[in-house]
1. All but one of (1) within 24 Å of Leu773 (Cα to Cα); (2) part of a helix (DSSP H, G or I); (3) at pLDDT below 80; (4) open to solvent by 40 Å² or more (accessible area, probe 1.4 Å) hold for Ile685; state the number of the condition that does not hold.
2. Given the residues Leu817, Leu747, which is the only one that is in a helix (DSSP H, G or I), open to solvent by less than 50 Å² (accessible area, probe 1.4 Å) and at pLDDT below 85?
3. Answer yes or no: is there a residue in the range 578-596 that is assigned to a loop (DSSP other than H, G, I, E, B) and assigned by the TED database to the domain that holds His742.
4. Of the residues in the range 365-389, how many are among the hydrophobic types (A, V, I, L, M, F, W, C) and farther than 11 Å from Leu354 by Cα?
5. Of all residues being among the hydroxyl-bearing types (Ser, Thr, Tyr) and within 20 Å of Ser891 (Cβ to Cβ) in the range 763-791, which is surrounded by the most Cβ atoms within 10 Å (Cβ to Cβ)? Just the residue, please.
6. Working only within the range 792-813, note down all residues that are open to solvent by less than 50 Å² (accessible area, probe 1.4 Å), under 18 Å from Ser865 (Cα atoms) and in a loop (DSSP other than H, G, I, E, B).
7. Among the residues that make up the range 801-810, is at least one of them under 30 Å from Glu675 (Cα atoms), in contact (Cβ under 8 Å) with a residue 40 or more places away in the chain and not charged (D, E, K, R)?
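The values are calculated or read from the model by the stated rules, or taken from the named source; none is laboratory data. This is a predicted model, so every value here is computed, not measured. In this analysis, Cβ positions are derived from the backbone assuming ideal geometry, glycine residues included, and neighbour counts consider all displayed protein chains. All accessible areas refer to the heavy atoms of the entire protein, side chains included, with ligands and DNA or RNA removed. Shrake-Rupley method; radii C 1.70, N 1.55, O 1.52, S 1.80 Å.
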Amino acid sequence: MSRVRQPPLVTGISPNEGTSWTKVTIRGENLGTGPADLVGLSICGHNCLLTAEWMSASKIVCRVGPAKDDKGEIIVTTKSGGHGTSTVSFKLLKAEKIGILDQSAVWVDEMNYYDMRTDRYKGISPLSLRPSNPLGIDFDKGKVPLKDLEALFPGVSGEFTSENFSATWYLIENHSVTSFDQLRMAASNLKKQATKKNEGSLAYVKGGLSTFFEAQDALAGLTELGSLDAAIHQRLESDGTERVEGSMTQRLENVLNRASDTADTLFQEVLGRKDKADSTRNALNVLQRFKFLFNLPLNIERNIQKGDYDVVINDYEKAKSLFSNTEVSVFKKVYAEVETRIGALRSLLLDKLLETPSTLHDQKRYIRYLSDLHASGDPAWQCISAQHKWILGLMQNCKEEFINYQRERGMRAAAVDPVGLGAIALDLEGDPRPSAFSRIRDTAPLSKGGILHTPRHSTWHYETPQQVQFVEKLSDVVIGQLPNFWKLWISYVNGSLFSETGEKSGQVEKSKKNARQRQNDFKKMIEEVTHRLVKLVRGALLPSTLTELELKLYGGWENKTELTGPWLTQVIHTVRVIFEALVALEIPNDLLQVIQDLLLELRHHCLLVTLHHTADDVKRVAEKEDWVVDNEGITSLPAQFEQCMVQMLQSLKEPMETKPGEVNILQLDQDQASELCVDIIKVFINCLEQLSTKTDRDIDTSHMSVDLASPNLFSGIQEDFCPTLEQRLLIILSNCQYLEKHTFLNLAEHFEKHGFTGTEKITRVTVHAVKELDESLFDAYIERKSDPIVGSLEPGIYAGHFDWRDCSTPTGVRNYLKEALVNIITVHAEVFTVSKDLVPRVLTRIIEGVAEEMSRLMQCVSSFSKNGAIQARLEIDSLRDAVASYLSSESHASFKQALEVLPQLHNGADKKLLEELLNKFKSSMQLQLTCFQPSNVQPVKR
């Protein structure tokens with residue numbers, strides 16, 4: 001689609017004043033694409049199109065006609081741009097009658113014509129070519145108002161040289177009261193002028209024929225006079241009279257000679273002064289007429305100092321068109337000085353063009369100036385090359401400044417702290433912000449489903465790592481400079497450096513041709529900038545991806561500690577901003593692929609670093625277990641672990657987000673990410689195991705605190721509370737169950753929400769690992785609680801040399817069984833205090849051991865007496881009925897086997913005795929046995 005051209009704009013006219021028919025040069029913009037495109041030109045309201053000569057889209061030469069206004073605008077109209085505007089005006093001077101020797105302030109251009117009488121070319125003013133009165137009759141003194149004529153004849157003119165000349169207007173304006181006879185005489189005069197014009201050179205010869213004959217007669221008379229004079233002298237010489245002193249001829253000659261000498265003496269001084277005055281007047285006339293040229297060097301210098309380069313260029317173009325080919329020595333000398341000043345201006349503009357930093361507007365302006373001054377070479381490409389080198393230098397200097405600052409700070413730190421203790425308190429190169437662990441540590445104890453709040457300590461502060469600051473500064477350099485660099489190239493390609501409307505077609509085509517030839521060179525420049533950017537970022541954050549030679553050029557950072565995930569996320573955001581800014585410039589994607597590759601590696605690196613750091617945070621979370629349980633037997637540890645994992649996923653949200661054109665890093669390396677997540681969870685499980693195996697001396701209670709305002713805390717717990725090994729086992733068992741039933745399922749949802757794949761595998765592996773820990777810890781607790789109870793049964797049965805074959809009539813349940821039940825009740829209370837959900841599981845396993853031991857002991861008895869059988873059945877039934885709520889199929893089978901070994905009771909009295917004793921036992925231990933009944937009583941929280 002063709003581009004719509006702008007309206008014409010006149011910005012200069014030279015000269016800016018003069019009389020009618022003065023030749024002027026008009027300069028501006030969009031003055032047409034050719035002679036045919038120019039359809040209108042008016043100066044001070046007069047149509048000058050007939051005398052217009054189109055030179056270029058910025059230059060038109062014409063003559064000023066007899067305008068109505070003394071001062072007015074210069075309006076150019078073109079087919080392509082329409083009606084134009086003007087920023088300058090022209091002042092029309094009235095012609096005055098001057099003599100041939102009078103000086104004139106108006107420069108009237110002369111036209112050469114051939115004078116046949118002198119056989120040479122002679123100058124004549126164009127004013128003499130214009131007939132002052134074409135009708136040859138007098139004008140009327142009374143004039144019709146001009147406004148009335150314009151109203152009667154719109155769009156036409158009474159000026160006979162105008163394109164829209166109206167004869168009616170002319171007659172009304174100049175001969176409104178002229179008689180008919182006068183008008184008929186005027187018509188006759190017009191016919192004569194037309195006939196004379198048609199006769200051509202023959203009419204000219206006929207008109208001057210009489211003058212020719214008169215001149216011929218004069219020449220003949222002079223010839224006859226010369227012959228007579230020669231005859232008189234010859235006669236006088238023959239008779240000797242010529243030689244006679246005092247003769248009439250001799251006296252006449254002497255008188256004439258003396259008169260001539262006297263005249264020369266009298267008028268020599270006057271004539272000398274006249275010649276000198278004439279020469280001075282001629283010199284002044286030359287200076288006045290050509291003062292533009294003589295003042296031009298000084299004007300150029302002044303305008304350069306003021307920065308009016310447009311005025312300098314216009315004046316130079318004018319002088320070049322007038323005097324570049326002159327043969328006059330003085331003009332040559334002055335023009336040479338002008339060229340010297342223009343050469344200095346070219347150098348000045350080129351220096352300003354290559355000066356950095358500079359705006360795109362200034363660069364375009366200086367390139368246009370140099371182009372108008374016909375500077376050698378290609379200023380636009382020189383500017384592009386200079387900008388390219390400057391951008392590369394800025395990027396490299398940015399790295400050097402940060403590295404030097406880093407070294408200086410390291411030297412100052414070494415001088416202040418030579419031992420290096422300050423590094424323990426705060427490592428400025430790492431992440432001085434609170435870690436996930438420290439944030440969790442500073443919060444209040446969490447209950448299940450609680451919200452983690454992060455208080456900001458009054459001394460909390462941090463410093464952005466140098467590498468992060470470097471990438472941000474590098475981003476400012478690239479985003480601030482590369483867009484202008486790219487736009488400069490685009491302007492160079494489409495030719496808008498010279499004219500956005502394309503009036504300077506030659507320069508535009510030359511620019512486009514040069515751009516096509518240098519397209520590959522510019523592509524290499526962009527590649528060099530993007531590669532330099534990527535390597536500098538790699539040197540600061542991913543030094544392992546560079547070669548040794550590249551590390552020398554782009555590395556040099558003192559990486560004491562690795563950047564954490566949040567800082568890497570900030571870097572990724574910064575690099576993405578750079579990429580989006582370059583994409584917005586419509587830079588080809590193949591030139592930006594290296595930035596995409598860098599983003600992919602940074603995102604992957606951020607993922608791995610965040611996962612590794614989270615594993616360390618999880619370890620520290622587990623180390624700060626406070627052993628405070630809620631109503632369900634859960635400490636804050638599972639919630640803290642879940643919150644730590646959620647914070648990790650939230651911190652990875654931006655790095656894992658897949659922008660347009662990017663690759664999903666989780667799909668790219670999903671196995672490694674899943675394995676790292678599993679490893680983090682296993683780290684937490686291992687920490688739980690280590691907590692369960694610590695001795696009382698290994699437990700750090702300095703961090704433990706009790707919130708006295710919390711209604712969930714047992715009021716009897718003191719600040720120096722330290723759980724026993726059995727209590728720790730129960731607490732960790734309760735936490736394991738909560739992890740399996742709630743935490744891992746919640747984490748699976750979070751993983752899926754954040755785009756992680758393989759969540760089923762993560763859940764399956766971690767649940768299996770926590771089950772293994774649960775079984776191990778449960779067996780350890782049962783072994784510590786069940787073995788003493790089971791081991792006390794056999795000594796208690798045979799205490800006092802008891803014998804099943806020889807015993808007295810039973811009076812009740814013996815003390816060993818009561819002690820066993822009390823021990824079981826003690827275990828029940830301990831477990832119930834931590835978690836009532838663990839009570840059935842623990843008591844069922846302990847009772848299975850007790851039932852199995854009772855079955856074994858009964859099977860080992862060789863025989864029972866009647867009283868022994870009653871006593872054994874009483875104790876087995878009492879134990880079974882007491883713990884009936886926690887009997888499993890194994891314990892049922894063990895009690896059944898024990899009863900099957902005993903002799904059957906056939907006597908009714910024996911059965912009655914057994915029932916009475918059993919009721920007596922239940923009645924006496926009713927309070928103790930209540931704990932074995934199902935209840936909704938909440939456990940006491942510790």
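1. So Ile685 meets the others, but not (4).
2. Just a single option satisfies the conditions, and that option is Leu747.
3. no
4. Within the range 365-389, residues that are among the hydrophobic types (A, V, I, L, M, F, W, C) and farther than 11 Å from Leu354 by Cα number 3.
5. Tyr781
6. Our first condition is that a residue be open to solvent by less than 50 Å² (accessible area, probe 1.4 Å); within the range 792-813, this holds for 792-793, 796-797, 802, 804, 807, 810, 812-813.
Subsequent filtering for residues that are under 18 Å from Ser865 (Cα atoms) retains 797, 802, 804, 807, 810, 812-813.
Within the range 792-813, Phe802, Trp804, Cys807, Pro810, Gly812, Val813 meet the criteria.
7. First, pick out the residues of the range 801-810 that are under 30 Å from Glu675 (Cα atoms): none.
Within the range 801-810 (the criterion being under 30 Å from Glu675 (Cα atoms), in contact (Cβ under 8 Å) with a residue 40 or more places away in the chain and not charged (D, E, K, R)), the answer is no, since none of the residues qualifies.
Yes/no per residue for (1) open to solvent by 60 Å² or more (accessible area, probe 1.4 Å); (2) of a type in the set (Phe, Trp, Tyr):
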{"residue": "Tyr335", "(1), (2)": "no, yes"}
{"residue": "Leu345", "(1), (2)": "no, no"}
{"residue": "Pro357", "(1), (2)": "yes, no"}
{"residue": "Gln363", "(1), (2)": "no, no"}
{"residue": "Tyr369", "(1), (2)": "no, yes"}
{"residue": "His374", "(1), (2)": "yes, no"}
{"residue": "Cys383", "(1), (2)": "no, no"}
